[in-house]
Every structure is written in C-alpha cells, then in structure tokens.
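One structure below.
The values are calculated or read from the model by the stated rules, or taken from the named source; none is laboratory data. The structure displayed is predicted, hence computed values, not measured ones. Backbone-built Cβ (ideal geometry, glycine too); neighbour counts: all protein chains shown.
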Amino acid sequence: MTISPSPRAGGRAGALLALAAAMLAAGSSAALALEAAGPDAREKLELLRTALWIALPVALLATAALAHALLFPQHRLGPRAARWMVVGGGLALPGIALTAMLLVLPRGPLPAAAEAGPTIEIVARQFWWEIRYAGPAPGAPAVVTANELHIPAGVPVRLRLTSRDVIHGFAIPALGGAADLVPGRTEELVLRADAPGAFRAACYAFCGVQHAHMALPVLAMPRDEWQTWLRAQAAAAAAPQAGPALQGRDIFIASGCGSCHAVRGHGADGEAGPDLTHFASRETIGAGMLPNTRAALTGWIAATQQIKPGAKMPSFHLLTGPELHALATYLEGLR
Ligand SMILES: [Cu+2]
C-alpha cells in the first residue's frame, strides 16, 4: 500500500516554506537597504551580513526538517537516528552557529575617537532638536541652531547628546550611531561621514504624540564649507530691509513669538522653541515635517496645531492673511 502525503499537510508545509522565504528575503533586503556612509555604519552592516550568512544554512536545515515531518508524517526515525537528530540538530548545530557569531562580534571600541574633530551638542526637545556648536573663534559664544545638523565630512565628529524634557532616542543609521536620551544624562557618539552628503537622523523612542515627526536632516559638507557655514550661523540676524519685513518683525514681537523663539540681534531671546536667527537657511519646518516654502510657513504659523497636533506652539489663527505674509517675509529674510 502506498501512502500519499495528505493535501492539508502539504498546504501547511508550503505556507511554512513561503513564510521562511519571506522572512529571509525581508532580512536580506533590510541589510541591503542600509547604506553605510561611514566606518561605524559599515562595521555594523558587515556584522549584520555575516550574521545572516551564518543564520541562513541553519534556517534552511530547520525548515527542511520541519517540512519533511509535515509532508511525510508516516516516516518515523529509529531511536538511533532520533538521538542523532537531537544531539546534532539540537546541540551541535546551534553550538557551532552561536560560536561562529561570537567570533565575528567586534571587540573593543572603534578606533575613530583618536583624531580631533568638532564637538557638537544636541538637545532633544518635544518634538524638535536644539543644536549647539562651539563658536568659530576661541572664546566666542556657542552658536545655537535647530532642526538641521551640519557636520564636516571626513573627520570624526563628537556628538554630546542630552534631553531637556522626556526620554527621546537619537539614531542616524547611515553613519551608524544611536543613543538613548534620558533627561539628566549625557551620551556621546563619535561618528564620521566618509564624504559630503545628506542623511537623516530621527527620534526612535516614543516621546509623545508627535514622536513620529521628530526628524533631523544631517548635512555632511567639505570642511572649509562647513567653517564658512558656521561663521555665517554665528552672526546676528540680518536686519529687516523693506516695509513688509519691518512690519513682519513688529508683528513677530507684538504676537509674542519672541517669548519662545530667539532671533539674535532683534530683541527676541525665547528658549521654548527653535532658534530662528538663521531660520531661512534651513530646508525644513517643524523638525523635517514641511519644506521651507512660503505656503508651508504661513500655514505652519496659522495652523500649527492642525499640522502638528500637540506641538508646543499654539496656532496663530487670528492673524490676517497680510499679517501672515508680512511675518513670512520677515522670517524669509533671516538667512
Ligand atoms: Cu523624541
């Protein structure tokens, strides 16, 4: 008598195989989707690839054994073979695979910390990033900006990270760094970008309703360009020139924007919101949420709570259209 595998068992085995294949595909595409742009990230990506290659034969063997058991339930192993399966598949195989993984783990800190690069302070806030650079000249005051991190390419940069309010997380996958940001603690990351380029960092720990909108564009630039950029950021805000910009500055002060925002040189020194001294030089509004355009800017001021509900800035919906445009003209002058 011949026994054919039951169709139900075959279907189940097929589904299991498909699931295993999908998991493997997801794992490998996640590894390929990572683009390492610095030594730290490269090391992690290599480690991930190696771990996947070690895991692959183990996963294939286990899936094959499982599929065989489901497809041919009538095949029974003798006691000797069963013992070998337990010793080989249950002890030897995982032992070898885990030892292999242990051997490829990197040991000790990365060597990047030796060379000197700038130290940059990053303060996480609900739901944006404050960034402080050492002044361009010795003894100069710190240069405070927000929501866009500029680093020189090719040198290790030391990031000192803290949180002002709740627990945040900082991750910059392309360069390989990540840190939990707990209020009262300072974390340090030393990262290097191989070449100029644009990357993205984000908050990875749930920190409140707008956690998902807490991104940080990162720009790695040639070192001399970075120095020029830093000098420009260190300067006070440009004086408003024509009528609408002057009117916009008056509305800015009269509306109380300056109680939360600083505009160095314009009598505004608030600390609850991002420094706006060189706001127009940034590419996004609201921690990577909107492009920095006229339409987005007037919309942001009039309807902050509709655009980013729960953000720590009220909507200024009582401002008229002309007032909003005057404000935007003023802010667009802050290059
Ligand atoms: Cu956060």
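A few remarks follow.
Conditions tested, residue by residue: (1) crowded, with 18+ Cβ neighbours inside 10 Å; (2) at positive phi; (3) hydrophobic (A, V, I, L, M, F, W, C).
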| site | (1), (2), (3) |
| --- | --- |
| 177 | yes, no, no |
| 182 | no, no, yes |
| 190 | yes, no, yes |
| 199 | yes, no, yes |
| 218 | yes, no, yes |
| 224 | no, no, no |
| 235 | no, no, yes |
| 257 | yes, no, yes |
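- Residue identified as at pLDDT 85 or above and on the phi < 0 side of the Ramachandran plot among 80, 76: 80
- Summed over segment 185-208, residues that are within 16 Å of the ligand (Cβ to nearest atom), closer than 19 Å to residue 160 by Cα and of a type in the set (Gly, Ala, Ser) total 3.
- Residue list for segment 169-184, filter: part of a loop (DSSP other than H, G, I, E, B) and more than 15 Å from the ligand (Cβ to nearest atom): 173, 174, 175, 176, 184
- Remark: pairs (first residue in segment 206-219, touching a residue at least 24 places away in the same chain (Cβ under 8 Å) and small (Gly, Ala, Ser); second residue within 10 Å of the ligand (Cβ to nearest atom) and not in a strand (DSSP E or B); Cβ separation under 6 Å; 6+ apart in sequence or on different chains) = 208/126; 215/287.
- Test for residue 104: is it of a type in the set (Val, Ile, Thr), more than 14 Å from the ligand (Cβ to nearest atom), over 25 Å from residue 197 (Cα atoms) and at pLDDT below 95: yes
- Taken together, the residues in segment 177-205 that are within 20 Å of residue 222 (Cα to Cα) and touching a helix residue (DSSP H, G or I) at 6+ places or on another chain (Cβ under 7 Å) amount to 3.
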